[in-house]
1. For the stretch 306-321, state whether one or more residues are assigned to a helix (DSSP H, G or I), of a type in the set (Lys, Arg) and either within 18 Å of LEU234 (Cβ to Cβ) or modelled with pLDDT of 90 or more (or both).
2. Does any residue in the stretch 324-347 that is touching a residue at least 12 places away in the same chain (Cβ under 8 Å) and surrounded by fewer than 20 Cβ atoms within 10 Å (Cβ to Cβ) come within less than 6 Å, Cβ to Cβ, of a residue that is in a helix (DSSP H, G or I) and among the polar types (S, T, N, Q) six or more places away or on a different chain, and which pairs are these?
3. Please verify whether ARG191 is under 29 Å from TRP45 (Cβ atoms) and among the charged types (D, E, K, R), treating the condition exactly as stated.
4. Can VAL76 be described as part of a helix (DSSP H, G or I), touching a residue at least 24 places away in the same chain (Cβ under 8 Å) and touching a helix residue (DSSP H, G or I) at 6+ places or on another chain (Cβ under 6 Å)?
5. Failed condition for GLY102, given (1) within 15 Å of PRO66 (Cα to Cα); (2) surrounded by fewer than 21 Cβ atoms within 10 Å (Cβ to Cβ), with all others met?
6. Taking the criterion of being outside any helix (DSSP H, G or I), closer than 14 Å to ILE54 by Cβ, assigned by TED's automatic domain parsing to the domain that holds PRO137 and out of contact with any Pro (no Cβ under 8 Å at 6 or more places or on another chain), would at least one residue in the stretch 202-221 satisfy it?
7. Quick one: what pairs do we get from the stretch 143-172, first residue under 23 Å from ILE192 (Cα atoms) and in contact (Cβ under 8 Å) with a residue 60 or more places away in the chain, second assigned to a helix (DSSP H, G or I) and among the charged types (D, E, K, R), C-beta under 7 Å, 6+ apart or different chains?
Amino acid sequence: MSDPDAALHVPSPKTSRFEKVLALTLGSSLSMIASLALGMVAARWLSKHDYATIRQTFLAYEFAAPLLMLGLPNAVYYFMPREAKTKRGVIIDNMALLVGMGLLFSLFIVLGGHQLLAMRFNNPDLGRTLKWLIPYPIIMMPIAGLSAVMVCADKTRTLAIYNVLSSSTIAIAGIFAILATKSYELPILVRIIVPAVFLPIALHLMFTAVPGAKRWPRWTSMKGMVRYSVPLGLATMLGTITLQLHSLIVAAICSPEDFAVYINGAMEIPLIGLVTGSITTVVFAEMAEMCSKGDKAGALQLFHKASIKSACILFPVLCFLLVTAKPFIVFLFSEQYHGSITPFVIYLFVLPVRIVVYGAAFMALGMTRVILFRSIFDLAINGILCFVLVKMIGYIGAPIALVLTLFLWTTPFNLYKVGQGFGVPLKATLPIKALLKMLSLCVLCIPLAILGAYVFPMISLGRLVFAAILYWPFVMYLLYRAKYLVPPLRLERLIPSALRVQQ
């Protein structure tokens, strides 16, 4: 039977890798700005207790989501390119599994999980707010594979637009709710209701992005998807738990007020996800295809390029924010969150070791069991260190534990195993000389940021702006001169001809 929509899917010119990364990065940037704006308003207009209640309410779902998803959204990257006529069937199978898993979280809350978490987090208000999350997984889980579907369908621009519109709507509605009520209740409800409004739009985008007839879920197809996803899903679950564990431990051991101060400083995830997430999303499919054809040298070269592209942003961000951490945090959250500066600075040291997503290389190489093995030890080492250090020195111990885990275990293991997978020595897994040179160029520009941030008395926003004006043009130009940063031709033409790099 022919697909009635097939005529609508006329092949279009493929979007270049740069355009895909740019679209996803811009979309992620605007989404992050919207989330930060909401956080800024909440930190200024709500008490620390109410602010902590909002963050802790959704922390429960954010912690549970990777356990429930089991890597199923990533399975779309593997199965969809292999299906010529039943691409929509892949979406339906994936969605059916995700909805079924999401119901487990709802059941947990219905059976009294809200009271258990309220008691564990020392926050009685969670007993009310967590009950509101009962329908939340049914809203969020069906569209967890949206990014994978849209990238596979070469619809990255549409995905970026959707992400910006949805996150901006949540932020704007949340800000109005905070200003109108100065309480945690309506902002939490807004964050549940707005995604429900966008759910039909997301479903429409997913099913119109690819051709193929709609059908009922198939048990045999779902079993194959689960078999592929479980090793990767368990690893993803353990990796996300490792990153979220610090928040749970701080919430369980410290007061809600201390948790509010800590969580505003724990900002390394958005910075990393903004860049590496977009680049990895685009290059993973190409790496997997190269490895399937036996072209490991080409896949390794692509892995190197991804690390340099990420480092062009993350290294300058690291150096700039190390210097401007105080005005940055005060500008975002006000002086009452001055204590957030210390955990924020500690988390910045995660950036150099996270310029690539090693899991993408392992998945492309078919080494999903390695991810699982590593993730088990990540969770164990980080969990023990985090619990001990938070007990000893308070919430500052949480970021210290994560940094120690990454530097002493996770990164050395990743490099060793990636080298084995690509058949190269450990020193060849990353372009070490190039990365060190890039970092050196960024460090050379630090005095410019110091000059802008602290020499003249100004408000925090003024310090940030002046430091950025002095720092960013110079560091970007040095990276450009060293041929690590390659701007689009239309942007390079804006550079005076005497200052351009000669090809």
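1. Step one: list which residues in the stretch 306-321 are assigned to a helix (DSSP H, G or I), which gives 306-321.
After this cut, where a residue has to be of a type in the set (Lys, Arg) as well, the list is 309.
Now narrow it down to the ones that are either within 18 Å of LEU234 (Cβ to Cβ) or modelled with pLDDT of 90 or more (or both): none.
The answer is no, given that none of the residues of the stretch 306-321 is assigned to a helix (DSSP H, G or I), of a type in the set (Lys, Arg) and either within 18 Å of LEU234 (Cβ to Cβ) or modelled with pLDDT of 90 or more (or both).
2. Correct list of pairs: PHE331/SER460.
3. Values: under 29 Å from TRP45 (Cβ atoms): yes; among the charged types (D, E, K, R): yes.
It is true that ARG191 is under 29 Å from TRP45 (Cβ atoms) and among the charged types (D, E, K, R).
4. So VAL76 passes the test.
5. Just one mismatch for GLY102, condition (2).
6. no
7. Here the result reads ILE170/ARG191, each pair linking the stretch 143-172 to a residue that is assigned to a helix (DSSP H, G or I) and among the charged types (D, E, K, R).
Results for (1) closer than 30 Å to LEU245 by Cα; (2) outside the structural domain of TYR358 (by TED's automatic domain parsing), shown as yes or no for each residue.
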residue	(1), (2)
ASN414	yes, no
GLY419	yes, no
GLY423	no, no
LEU436	no, no
CYS445	no, no
ALA468	no, no
TRP472	no, no
ILE495	no, yes
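The values are calculated or read from the model by the stated rules, or taken from the named source; none is laboratory data. On a predicted model such as this, the values are computed, not experimentally measured, just so you know. FYI the Cβ positions are ideal-geometry reconstructions off the backbone, even for glycines, and counts take in every protein chain you see.
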